[in-house]
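Everything on this sheet refers to the single structure shown next.
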Amino acid sequence: MADKTPSGRPSPNAPVLVIGLGRFGSATAQQLVKQGREVLAIERDQELVETWAPVLTHAVQADATNIEVLRQLGAQEFQSAVVGVGTSIESSVLITANLVDLGIEHVWAKAITPSHGKILARIGANHVIYPEADAGVRTAHLVSGRMLDFIEFDDDFAIVKMYPPKETQGFTLAESQVRAKYGVTIVGVKSPGEDFTYAQPHTKVSGRDMLIVSGHVDLLERFAARP
């Protein structure tokens, strides 16, 4: 069912298998459909299946802890799968193990705790997701008030959208010397009613602008804490 690119990665348009239609699984499946992806969703709860069937490409009621059921549904034809089951760690582990045994190359699995995530990784899930913990970390960064969005990577590097500190307002980036003072890089500037523009030394920042800034998390926090 899924085409393979020469590099071994799934095609950007390849179908995706989503198991579990709770809040995380349903949000993931819905977004994939919005992006034009074909989705097969498997959920044990018939009521959830009926709720999401009109929205998703395919939604079936089945027990994904049974590998034979997955085979009958053609799960082995997929290269990408998302395991959204989290309330039952046992079910999460069994489903993930089944997908790995079926040869699905890319398995994203939701974990509730670090120990849960460690088990998922050891049995073959190559993408372990902690949605609640990640949302908590992101919210903690945003409540400072200056940051509008926050995306953190594995190596403590992040990209944020934020309001400009006063010391940058009315100056070009060359004049404010943000990188030299704070060790972060202003990647772009978005002015109200205008298109996003990549930052240049001559780019002038106003108090109405939004900045896209990259750098180490600690340095970004320091920069965002400026009045």
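Below are the figures for this structure:
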| quantity | calculated |
| --- | --- |
| Search result, residues across region 125-171 that are of a type in the set (Lys, Arg) and under 13 Å from the mean Cα position of the chain (by Cα) | ARG138 |
| Every residue from region 207-227 that is surrounded by fewer than 14 Cβ atoms within 10 Å (Cβ to Cβ) and closer than 15 Å to LEU142 by Cβ | ALA225 |
| Subset of region 83-98 (residues that are surrounded by 15 or more Cβ atoms within 10 Å (Cβ to Cβ) and either of a type in the set (D, E, K, R) or without any contact (Cβ under 8 Å) to a residue 40 or more places away in the chain (or both)) | ILE89, SER91, SER92, VAL93, LEU94, THR96, ALA97, ASN98 |
| Subset of region 42-82 that is among the acidic types (Asp, Glu) and in a helix (DSSP H, G or I) - its residue that is surrounded by the most Cβ atoms within 10 Å (Cβ to Cβ) | GLU77 |
| In region 11-29, the residues that are in a helix (DSSP H, G or I) and surrounded by fewer than 17 Cβ atoms within 10 Å (Cβ to Cβ) | ARG23, ALA27 |
| Residues that are surrounded by 11 or more Cβ atoms within 10 Å (Cβ to Cβ), in contact with a Lys or Arg (Cβ under 8 Å, 6 or more places away or on another chain) and in a loop (DSSP other than H, G, I, E, B), drawn from region 187-206 | SER191, PHE196 |
| Matching residues in region 167-211 - criterion: being in contact with a helix residue (DSSP H, G or I) (Cβ under 7 Å, 6 or more places away or on another chain) and among the small types (Gly, Ala, Ser) | SER176, GLY183, ALA199 |
| Whichever residue in region 107-155 is basic (Lys, Arg) and at pLDDT below 90 and, among such residues, is surrounded by the most Cβ atoms within 10 Å (Cβ to Cβ) | ARG146 |
| Any chance GLY124 is farther than 30 Å from SER92 by Cα and touching a residue at least 12 places away in the same chain (Cβ under 8 Å) | no |
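The values are calculated or read from the model by the stated rules, or taken from the named source; none is laboratory data. A quick note: this is a predicted structure, and the numbers were derived from the prediction, not measured. Using ideal geometry, Cβ is built from the backbone for each residue, glycine included, and neighbour counts are taken over all protein chains shown.
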